[in-house]
Structures are given as structure tokens and as C-alpha cells.
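Right, one structure below, let's go through it.
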Amino acid sequence: MRLRWRHLVDYFIWIIIAIASAIAFYMAWSIGANDVANSMATAVGAKAITFKQAVIIAGILNFLGAVLIGPHVAETIKGKIVNTETIEPNILLIGFIASLLAAAIWVTLSTWKEMPISTTHSIIGALMGFGIVAGGFSSVNWGKIGSVAASWVLSPIFGCILAFIVFKIIVKLIFSKEEPVKSARIIGPAIIGVTAFIITSSLLLKTSLSETYTISDFNGIIVAIITSIIVGFIGIFLLRKIKAKKEEDYFTVENIFRKLQIVTSCYVAFSQGANDVANAIGPVAAIVPLAETGMMSTSTPIPTTLLALGGIGIAFGCLTWGKRVMKTVGSRITSLTNTRGFSVDFGAATTVLVASKLGLPISTSHTVVGAVIGVGLARGLEAIDLSVIKRIIISWIFTLPIAAGTCIIIFYILRMIVG
Amino acid sequence: MIEEKDHFRAPLSDTFRRKTPFSQLVEHMCKVSEGINILGEGIIKYYKADYKDFSDLAKKVSQIEHEADIIKGNIRNHLPSSLLMPVDKGKFLWALREQDAILDHAENLSEMLDMRHTKIPKELQKLFIEHAELVMKTVKAMEEAVCNIKDLVETGFVKREREQTKEYIHNVHDFEYKADQKRYEVTKGIYKLEKKLSPMDVYHLIKIADWVDEVADHAENVADWLRSMIAK
């Protein structure tokens, strides 16, 4: 049996990987078409960028985020949900493919039914199901699943709190001042400076980039601080010419934030790429070393080509289906003006990026909804329909068991076919 | 309500409504001010005993009232309990209700005026016209207060804008008070002439004065609900 399997592996493993990659590409496409469009729509709805620009920004920055920060989360999905040491390599191979397939099916079905599910939750649920049947309950890393599940609840709350704070800052330091436009010219770039700090430090702390160039954490922080100050001053310099037309010129304030929102929408796209690429390529990354060495190894780094494949898949999804989604969602959320969109973008993107650095796979679109509610709680929006929370919670409850169940069925079918 | 499905998952779009309640409130208010403007112009002509085209006017006011009712119904039907608003939903609905009552009264008034053309005695003509003008000003002031809500929401309810709205609300009270005083004079004037006038005329003149004044009362109620809506 064992011999026969090795034989099969020699001939077919690359075909299997190609199939897995194709499913992964489809998952990436789905993320690009739905989740990215959904989060970038804040900028489109606030008319900070056109939907064509949004597609380009989303494509490029999702790709960069995927390649540069992506490995953190991909590691979690690849090797930390299921204890790969206790399961035979051939079973693992089938299992990872089954979970990819199961997640893809559930994602497609719920997208068709317009349920606000998350690709992240689907893939984790599917992996859980495969772990249970392949190695029993003990082979699933329940501690990790617990912390990941906790992060699903916490990330929208965190996004909500951050967006609330940023919007309150905008109200207190800009709108309630005597000359709102003058304050906006300083406060806006200052928040962009903070954004620059977060992005730079996420790029320089504990990443492949910092290892290649041997940048210590301390130096990384210093570089990040300098970058943020430079970015802040560039912003102040660029906005210096904008003058208020009248005393209560809220329109000009919104215009300033329209410019600043270009930066935050890049921030959203970058963070999203960092977190979401793992949903697509995590399982594939797990089976690549199987093909190369015949052994499962959690220590082998994720090949950049795979991350790039995921990034391209997301970008492709944006370009094809995402365009339409972005237009539709953008036209529905026009009450989200630039200052609001800015707060939402900042709150959501920061949450997603921090989670990515911690290796936590979270749902970006749920975090964006959390951030919108944060602005609403800060009395920044005329009306928010909170019933969306109920729908999201229902999707939380259903996604895990359904994805797990589907994965178990596919796993048994595949095992019957293979032998 | 069945909506056409677009086949994508975007919880963000489920969070928003196509029309926001405040913009609809302002839309409703535009109808109110349209109706009151037509009635205002017409009633002054009426006071001057020019009854030509008054039937058309009454029909027009009635039509506007109907349109406003549709907007009102729309707002009410789309305020589920799951909707988060920056102000108290109950107070918002009361403001809307009072705003709608202005038009209801305008409609009743124009119909009543159309049913019987009551001649205003020469001595009282000036007072009647002044009273109507004050009522119109009350509604106009209320309109300003309602419109300022937009700035309030835009700034996230900062103190400065709240003070400004309060000032507008104060203006409403001011005009309403003046209108009340004027009505007192009008009523006194009518009783003074009671010997000269037929009982039916007295009855009708008093009713006209009362009903015109009621428009201002409802405008004041809108302002009051607005005031409690924006309270901290």
C-alpha cells in the first residue's frame, strides 16, 4: 500500500498540485471579486477614487500585501490548525485538497445566496473537519481554533473602536474648531503619518524583508518613525494651498479628506492582501513540500511564487467581477462621506494589518462592517442597519459546521477514488 | 420586499439604506414649505377679497399634502428597530408627525376657505394679513432649523452647530409668540365688530384666525421636538 502510494505520488503529485493551485486561484479570485470590492467600496462610495482607480489600487496593493506580509497568516492556515505530524502524508494531501474544495463550494454557494460569510471562516472550518476525520479530535489544534475564533469576534469590535476613536478625533480636532479647514490641513496628514508608521513597521518588523537586509527591530521602529514624520510633512505641504471658502466650510474639509482617503484605501488594500491571500494559498502551501520531499514539513517557508499566485488571483478577481460589485456597493453607501470613509478605512485596515502580523486569519469584510458601526456610534452616520450584525453572526454559526461537514464528505470521496 | 439579487457577498451594502432619514425629512419639509408658500400667497389675496383661482389653490395644496404623506409613510416604513440613528428615533418620528400636521392644517384651512368666501371687514384686513405673514415667518424659521440638521450630522453634532440650531429654534418660538399676540388682536377686533357682522361671519372669521394660527403652533412643535432631538 505504502509503496503503491509513493509510486502514484511520483507520477501524479504535480498534477494534484496543479489542481489544488487552480482551486486556490479560484478562491483568490472570489476574495478579489467580493471581499476586496466590498472594502474598497468605502472609497468609491465617498468618491475619493473612481472604481477604475480602485481596481488598480486593489490589484497592486493586494499583491504587495500578499507577498510581503502574507506568510504570517499563511503559516497559521498551513500548519497550525491541524497537527500535521500525526497524520500520514498521503492523507494530508487528500485532506488539504478536500478542505480547499469544501471551502470553495461553500463560498460560491453563499455568494450566490448573498450571505455575508467569510472565506477565512470557511477555510478554517474545512480544515477543522478534515482534521477531525483524518486524525481524530486530538489532531485538531483546538487552542489555535479557539484563538482564531476569538479573533473573529474581536476584530470587528476592534475595528469599531478604532474607527470610533478616529472619527471622534476628526470631530473634536477639526469640526468643533473655529476654522475647520485649517485644522483639517494639519490633523489629516498627521493621521496619514500614523498610517505610514504602522505600514512601515509592519514591513520592517519580523518579515523576510528585515531578514534579508538584517534590520533590527529597534532600527525598524526608528525608520518607521522617520518615514511617518516625512509622510506627515509631505501631506501638510501638499495641502497648504487649500483655503476655506467660508467660515463653516465643511465641504472643503471633506475635500481634504477625499485626497487623504486615497492613501487609506491603499492601506485597506494592502492589509487585505496580507490577511486574505492565506485563505487561498495556505492549503496549497502545505502540500507543496509533500510533493518535493515526500514529507510534510511545517518549517519550509512558503514559496513566493505561491503568494504571488494568490496575489494575482485576488487582483484578477477585482478586475473581473469586483468592478461590478464595487460599483453597486459604492452607489449604495454614498452617505459614507470622506471623513467617515477615512475613519472606516483607518479602523478596518489597522485591525486587519495587526491581525495579519499576529498570524490571525480574520474576516476583512466583517471588520469593515464593525468600523462602519463605530462611526455610527460616534454619531457620524444618519442611519445604519444593525440587522447586518445578526446576519453576520448567523453566518459565523453556520460556516464552521457546514464547511467542516462538506470537507468530511469530499475527503471520504477522494479517499475512495485514490484508493 | 424582494430585491433583485446581484450574487455577491457584501455585508457593507446591507449596512446602509438608499435614502437617509434626515434627507427624507428635509424632502418632506420642502413639500411643507411649498404648500405653505402657495397657501400664504393665496390667503393674502383671499383677505383682500380676491377669490379668483382659490379653488385651484385648494386643490394644489391638497395634492402637495398627499405627496408629503407618501414621503412620510416612506420614512416611517423604513425605520426598523435595528436602525441605528444619531438621534432618538421616537423624537425624530414626532418631529416628522408635527411637520406633517402643518400641511394637514393647511389643507383643511384652504378647503374651508374655499367652501365659504368670507369677506374680511376693512378694519381688520391689515391685522389679518399681518397675522398670516407672521405665521408664514414661523414656518420659514422652522424650515431653517430643520435644514441645519444637515450641518449637525456632517460635523458629528459639534457644539457650534448645535448652538446654531438652537438659535433657529429660538427664532421659531419668537415668531410663534408674535403670531399668537397678533391673533389675540384679530380676535378682539372681530368681537368689537360683532354688532355689524352676521353671526355666521363672526364664526367664520374666528375660525380662520384660529386655523391659520394652528399652522404656527405645529411649526413650533416641530422646533420643540427638534430641540429635544439634538439635546446631549
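The values are calculated or read from the model by the stated rules, or taken from the named source; none is laboratory data. Bear in mind that the values here come from a model prediction, so they are computed numbers and not experimental data. Cβ placement follows ideal geometry from the backbone for every residue including glycine, while neighbour counts extend to all protein chains displayed.
This table checks each residue for (1) over 18 Å from A:Gly317 (Cα atoms); (2) touching a helix residue (DSSP H, G or I) at 6+ places or on another chain (Cβ under 9 Å); (3) away from chain B (no Cβ under 14 Å); (4) surrounded by fewer than 24 Cβ atoms within 10 Å (Cβ to Cβ).
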position: A:Ser30; (1), (2), (3), (4): no, yes, no, no
position: A:Ala41; (1), (2), (3), (4): no, yes, no, no
position: A:Thr50; (1), (2), (3), (4): no, yes, yes, yes
position: A:Leu61; (1), (2), (3), (4): no, yes, yes, no
position: A:Leu68; (1), (2), (3), (4): yes, yes, yes, yes
position: A:Gly79; (1), (2), (3), (4): yes, yes, yes, yes
position: A:Asn83; (1), (2), (3), (4): yes, yes, yes, yes
position: A:Asn90; (1), (2), (3), (4): yes, yes, yes, yes
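Would you check which residues across the stretch A:346-387 are more than 12 Å from every other protein chain (Cβ to nearest Cβ) and within 27 Å of B:Asp88 (Cα to Cα) and list them? Listed by number, the list holds a single entry, A:Gly347. I'd like to know if the stretch A:109-123 contains one or more residues that are among the hydrophobic types (A, V, I, L, M, F, W, C), free of Cβ contacts under 8 Å to residues at least 24 places away in the same chain, in contact with a helix residue (DSSP H, G or I) (Cβ under 8 Å, 6 or more places away or on another chain) and surrounded by fewer than 24 Cβ atoms within 10 Å (Cβ to Cβ). The answer is no, given that none of the residues of the stretch A:109-123 is among the hydrophobic types (A, V, I, L, M, F, W, C), free of Cβ contacts under 8 Å to residues at least 24 places away in the same chain, in contact with a helix residue (DSSP H, G or I) (Cβ under 8 Å, 6 or more places away or on another chain) and surrounded by fewer than 24 Cβ atoms within 10 Å (Cβ to Cβ).
Considering A:Phe237, A:Phe251, the condition of being free of Cβ contacts under 8 Å to residues at least 60 places away in the same chain, assigned by TED's automatic domain parsing to the domain that holds A:Ala46 and either farther than 28 Å from A:Ala274 by Cα or surrounded by 13 or more Cβ atoms within 10 Å (Cβ to Cβ) (or both) is satisfied by A:Phe251 alone. Here is the figure for the stretch A:310-341: residues that are buried (at least 24 other Cβ atoms within 10 Å of the Cβ) and away from chain B (no Cβ under 13 Å) total 5.
Within the stretch A:170-193, the presence of at least one residue that is assigned by TED's automatic domain parsing to the domain that holds A:Ile69 and among the aromatic types (Phe, Trp, Tyr) is confirmed.
Criterion first (in the same structural domain as A:Ala46 (by TED's automatic domain parsing) and over 23 Å from the mean Cα position of the chain (by Cα)) does A:Arg379 satisfy it? In short, yes.
Give the stretch B:157-209 a look and list any residue that's under 18 Å from B:Thr138 (Cβ atoms) and either small (Gly, Ala, Ser) or assigned to a loop (DSSP other than H, G, I, E, B) (or both), or say none. Across the stretch B:157-209, the qualifying residues are B:Ala179, B:Ala209. Taken over the stretch B:171-202, the criterion of being among the aromatic types (Phe, Trp, Tyr) and farther than 15 Å from B:Phe128 by Cα is satisfied by B:Phe175, B:Tyr177. Pairs meeting the criteria (first residue in the stretch B:153-165 and more than 7 Å from chain A (Cβ to nearest Cβ), second residue small (Gly, Ala, Ser), beta carbons under 9 Å, at least 6 apart or on different chains) are B:Glu161/A:Ser176; B:Arg162/B:Ala231; B:Thr165/B:Ala145. Has the stretch A:385-406 got at least one residue that is within 19 Å of the chain's Cα centre (by Cα), small (Gly, Ala, Ser) and over 23 Å from A:Leu127 (Cα atoms)? No. In summary, B:Glu143 fulfils each of the numbered conditions (1) more than 21 Å from B:Phe92 (Cβ to Cβ); (2) in contact with a helix residue (DSSP H, G or I) (Cβ under 7 Å, 6 or more places away or on another chain) with the single exception of condition (1).
The helices (runs of 4 or more DSSP H) falling completely within the stretch A:308-419 that include 1 or more residues that are touching an Asp or Glu at 6+ places or on another chain (Cβ under 8 Å), without any contact (Cβ under 8 Å) to a residue 12 or more places away in the chain and not acidic (Asp, Glu) map to A:323-332, A:387-418.
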